[in-house]
Amino acid sequence: NNDGVKVHIKFFDSEKLERFDLENEMDLLNGSMNLFIEVVNDLTDGKVPKGMENIPSANVIITSMSLFWKIYNSYDNYLNIPSAVFNTYAYLMYHCELYNDGIYFSKIAFEIDSSSSHMATIGEGYYLIGNFTKAFSYFSNAIEYDEKNNSFDEEHILNYIKSAFEIKNLRSIQNGIDLLKANFKENNKIEIFEKKLKEISSVSQDFKCAECGYIPKKSQEFC
């Protein structure tokens, strides 16, 4: 597409499209989806996938990508594919530093299942490309989803705080710290965040917006 994202890839073997037969190979398809998710999760966590110790990581990545597209091409409607498959592929793209690709497919995951985890995956992509304002927006929405469901995710809060630091939204930084204290009080980054917030606050009080706690750049106005 216009962003250079490969939105659809097809692999052929002897002129036959590689895909699973949904009528006769559902068990094989489900097993392949589970394997794909497991392998990519290990890759992105810095682990060597089980049973692939002697395979170069580049080959594991290529095999994982081809398996994803085999799964994708098995369906006439991509919206029928489990959202976790797209979310996992997004992380594979981030791992390969194909950030726009990751954002694109994480948005498909969210289209299928509007969960806070998929919202946060989108935010991670924008954070990686340095668009901290958009990243903060998605992380904020993920936090709102979690609050409504009364089920907080520690990683969502950490990302929310990190992006708030990037845009110097002091009120949101404090809100994130309060959420960590209330739900994950053993997190060892609380003290670090508090110290960093105190340092920023001590030199920023004269410039901070009284409404939202945001410190605008010279070219910006208060909200």
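Counting only alpha carbon atoms, the long axis of helix 99-112 and the longest principal axis of the chain meet at about 80°.
The slack in the chain from residue 184 to residue 200, taken as 0.36 nm per residue of separation less the alpha-carbon distance, amounts to 3.4 nm. Multiplying the residue separation of residue 15 and residue 107 by 0.36 nm and subtracting their alpha-carbon distance yields 30.0 nm.
Loop by DSSP (not H, G, I, E, B), at most 13 other beta-carbon atoms within 10 Å: where is the longest site-free stretch of the chain for trypsin sites (Lys or Arg not before Pro)? Write down the numbers at each step before the final one.
On the way: sites that count: 6, 10, 47, 50, 185, 217, 218.
For trypsin sites (Lys or Arg not before Pro) (loop position, at most 13 other Cβ atoms within 10 Å), the longest site-free span of the chain is 51-184.
222 nm [θ] for the chain, helices only, -39500 (n - 2.57) per DSSP H run of 4+, per residue, to 500?
Details: 9 runs with 135 residues, N = 223.
My calculation for the chain gives -20000 deg cm²/dmol from helical runs alone.
With the simple spin-label model, which puts each label point 7 Å out from Cα in the Cβ direction, the residue 63 to residue 166 separation comes to 3.4 nm.
Let me check I've understood the local charge: for residue 101, count other residues with C-beta under 12 angstrom from its C-beta, Lys and Arg +1, Asp and Glu -1. What total comes out? Could the numbers behind the result be given before it?
Values: positive: 6, 107; negative: 3, 97.
Neighbour charge sum, excluding residue 101 itself: 0.
What's the center-to-center distance, using Cα atoms, between the stretch 77-118 and the stretch 1-71 in Å? First find each Cα centre; the distance between them is then 14 Å.
Listed here are the pairs 47/107; 50/148; 50/181; 107/162; which of them are more than 28 Å apart at the Cα? Each step should come with its number before you reach the end.
Working: 47/107 26 Å; 50/148 37 Å; 50/181 36 Å; 107/162 21 Å.
Distance filter (> 28 Å) returns 50/148; 50/181.
Tell me which label goes with the value of Kirkwood radius over Cα pairs in Å computed from the coordinates here: [x] 23.7; [y] 22.4; [z] 19.5. Computing Kirkwood radius over Cα pairs in Å and matching it to [x] 23.7; [y] 22.4; [z] 19.5 gives [z].
Could you give the accessible area per residue of the chain, probe 1.4 Å, as a whole number in Å²? Display every interim value, and only then the final one.
Values: 13170 Å² over 223 residues.
With all protein chains present, the chain gives 59 Å² per residue.
Using only Cα atoms, find the angle between the long axis of helix 154-166 and the longest principal axis of the chain, and express it within 0 to 90 degrees, rounded to the nearest 10. The angle comes out at about 60 degrees.
Taken about its Cα centre, the stretch 1-111 carries a charge dipole of about 200 debye when Lys and Arg each add +1 at the Cβ and Asp and Glu each add -1 at the Cβ.
Note on residue 16: lysines with a C-alpha under 16 Å away, same-chain residues under 8 apart excluded, are 70.
The values are calculated or read from the model by the stated rules, or taken from the named source; none is laboratory data. Treat the numbers as computed from the prediction; the structure is a model and nothing was measured. Positions of Cβ are generated from backbone atoms using ideal geometry, with glycine treated the same way; all protein chains shown enter the neighbour counts. Quick note on the areas: whole protein, heavy atoms, side chains included, nothing else; ligands and nucleic acids left out. Shrake-Rupley method; radii C 1.70, N 1.55, O 1.52, S 1.80 Å.
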